[in-house]
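Reviewing the structure listed below.
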Amino acid sequence: MTQLPPPVRTGRPAEQNGSHGQFAFRPASKAGRKARLSIQGMSGSGKTWTGLSIAHGLSEGRKFAVIDTEKGAASLYAGIGGIEFDSCPMDRYDPRDLIRVLDSAAQAGYPTVFVDSLSHFWKGTDGTLDQVDKASSRYGGNKFAGWKDGTPLQNDMVAAILAYPGHVVASMRSYTEWVLEGGKPQRVGTRPEQRKGIEYEFDIAVSMDIDNRLEVLKSRCPALNRAVIERPVGARDIAAPLLAWLAAEPEPKTTEQ
């Protein structure tokens, strides 16, 4: 009978040149970091115009890119306030196509990309939910392992957004509900039409209501934390403090007396 050799334990490699194993630490820095911002709101709340203005500000006057799923809505604002952008219209919304378009925008060197809107890549034609349904049909009506809620597609899409070498602004439609306020029905937006928790993937997440009021829901930029802005000018009110924060040098270390 063939005897297998005894197991051989592999020791941890000796540390060299001050290294502490495979995990290296370095001083934290924002250098090279770009903005990742989401805008959610109902139809008519001002998402597209505000997003264009923010993208214009982040681009510091240079031409930026718009990935348009809203039947050319963004192009209606072209030229207003000196805003210049190139548009890529889309009518099918496979998240893998968004990844390819982002790659094309990166190769073209656009400083900012505005995705208007990201919701279509969740629940539009060929979007994530559509892909899950199609895959489910092919596999006997059951969602096969690893595809529940389209997690792989969504993870890859988010990774592409985070990897874009410039700034990214993304609008998202909000689910709409009617509530009674003072005895009168009012239309209000709830969570975005995207995978639950998508706002956690962005540095800044804002919502807009039907009165064009912007509320910052989440911000890693201290200057924008919990801000509420009536009729915002995106370039001035959002992009400017964001760029200042990203460019700020660390505060000098003080010596305790």
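The values are calculated or read from the model by the stated rules, or taken from the named source; none is laboratory data. What you see is a predicted model; the values in this text were computed from it and never measured. Reconstructed Cβ throughout: ideal geometry from the backbone, glycine too, with neighbour counts over all protein chains shown. For the accessible areas, the whole protein counts, side chains as well, though only heavy atoms, and no ligand, DNA or RNA atoms are used. Shrake-Rupley method; radii C 1.70, N 1.55, O 1.52, S 1.80 Å.
Within region 244-257, the only residue that satisfies the criterion of being surrounded by fewer than 17 Cβ atoms within 10 Å (Cβ to Cβ) and in contact with a helix residue (DSSP H, G or I) (Cβ under 9 Å, 6 or more places away or on another chain) is A244. Considering only residues in region 51-79 that are touching a Pro at 6+ places or on another chain (Cβ under 6 Å) and more than 12 Å from V168 (Cβ to Cβ), the one that is most open to solvent (accessible area, probe 1.4 Å) turns out to be R62. For S43, are the conditions met, namely being polar (S, T, N, Q) and farther than 11 Å from D116 by Cα? So S43 passes the test. The set of residues in region 80-102 being at positive phi and either basic (K, R) or open to solvent by less than 50 Å² (accessible area, probe 1.4 Å) (or both) consists of G82 alone.
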